[in-house]
Every structure is written in structure tokens, then in C-alpha cells.
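The values are calculated or read from the model by the stated rules, or taken from the named source; none is laboratory data. Note that the structure is predicted; figures quoted are calculated from it, not measured. With ideal geometry, Cβ positions are generated from the backbone for all residues, glycine too; neighbour counts draw on all protein chains shown.
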Amino acid sequence: MKSKKFKNIVTAVVIVLIIIATFYGSRENNVKLTEDSIIIEGMYGREIPKNTITHIKLLEELPRVSLRRNGISIFSLQKGVYKIEGFDKINLYVHGGEKYLLIDSKDRPVIISYKDSTKTEKLYNELNDFLGNR
């Protein structure tokens, strides 16, 4: 009887942890610009030094994903490290939307997409200003 009760408790705890991780992982990542880097906050976040960025580009569609190396994929959400057409290892922060911001760097490239495409376009414009591309 104790063994069954213990299994039920463990199962309940695991389910709660999965729900929490899914909720946390599905939140859009905030992007902050510092003097010398781009900081992507949240799950699978990272810092990209300004001097490693080779170019940025606004894409109309996400290149074909061939492999999720580490991360989460639920419906239109793709977050983590992936292999996609043209890139062996890339960080995706994709929440749907119709525009995709590619930040290519000497380290590892990144694609960011928000549900609201105007937010993705706004970030693209901010990054162009940040990098002195205007």
C-alpha cells in the first residue's frame, strides 16, 4: 500500500514539474541590448557579443527544421538548439508569427520570432540601429 501511494505522489510531482516547465518554456524570450552585447533572457537564453555578429536578416519563412538537438517543440513553439536547412547548430526562439529574425554570429546563429510579427520587425530595426547598419 505504501509503495502505491509513493508512486502516486512521485507521478503527481512529475506531472506538476512538466506543467511548470512547459509554461515557463512557452513564454517569449525578452531581448536586451547592452553596450557590447545582445542578451536573450529566459529558457535557453544566451548572450551574443556585439563584435561576433556577422549580419542580421529578416526572413519571410523559417528554414526547414531537420533535427531538434535540445529544446522544446509544441505546436508553433520551437525553442532550443536545432539543426535547420543551412545551419548545423542554431538557437531557435520561435513563437510563431510570419517574420523570422536571423542573427548570424561567429559563435552560433539565432532565429527569433514573436507571435506578433510587428514585434519581430521592431527588434530587427532596433538591432540595425544597435549595429550601426543604418
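Could you check, for segment 77-95, whether at least one of its residues is buried (at least 19 other Cβ atoms within 10 Å of the Cβ), at pLDDT below 95 and among the polar types (S, T, N, Q)? Scanning segment 77-95, I find at least one residue that is buried (at least 19 other Cβ atoms within 10 Å of the Cβ), at pLDDT below 95 and among the polar types (S, T, N, Q), so the answer is yes.
Only one entry of E41, E98, E28, E47 meets the criterion of being closer than 28 Å to G132 by Cα, modelled with pLDDT under 90, surrounded by 11 or more Cβ atoms within 10 Å (Cβ to Cβ) and of a type in the set (D, E, K, R), and that entry is E28. Restrict the check to segment 95-102 and report whether at least one residue is in a helix (DSSP H, G or I), under 22 Å from R27 (Cα atoms) and of a type in the set (G, A, S). No, that holds for no residue.
Within segment 21-47, if we keep just the residues that are assigned to a strand (DSSP E or B) and in contact (Cβ under 8 Å) with a residue 40 or more places away in the chain, the residue that is nearest to L123 (Cα to Cα) turns out to be V31.
(1) part of a strand (DSSP E or B); (2) of a type in the set (A, V, I, L, M, F, W, C); (3) exposed (fewer than 12 other Cβ atoms within 10 Å of the Cβ): which one isn't true of F6, the others all being true? Condition not satisfied by F6: (1). Of the residues I84, I103, the single one that is aliphatic (A, V, I, L, M) and either closer than 14 Å to I56 by Cβ or more than 14 Å from the chain's Cα centre (by Cα) (or both) is I103.
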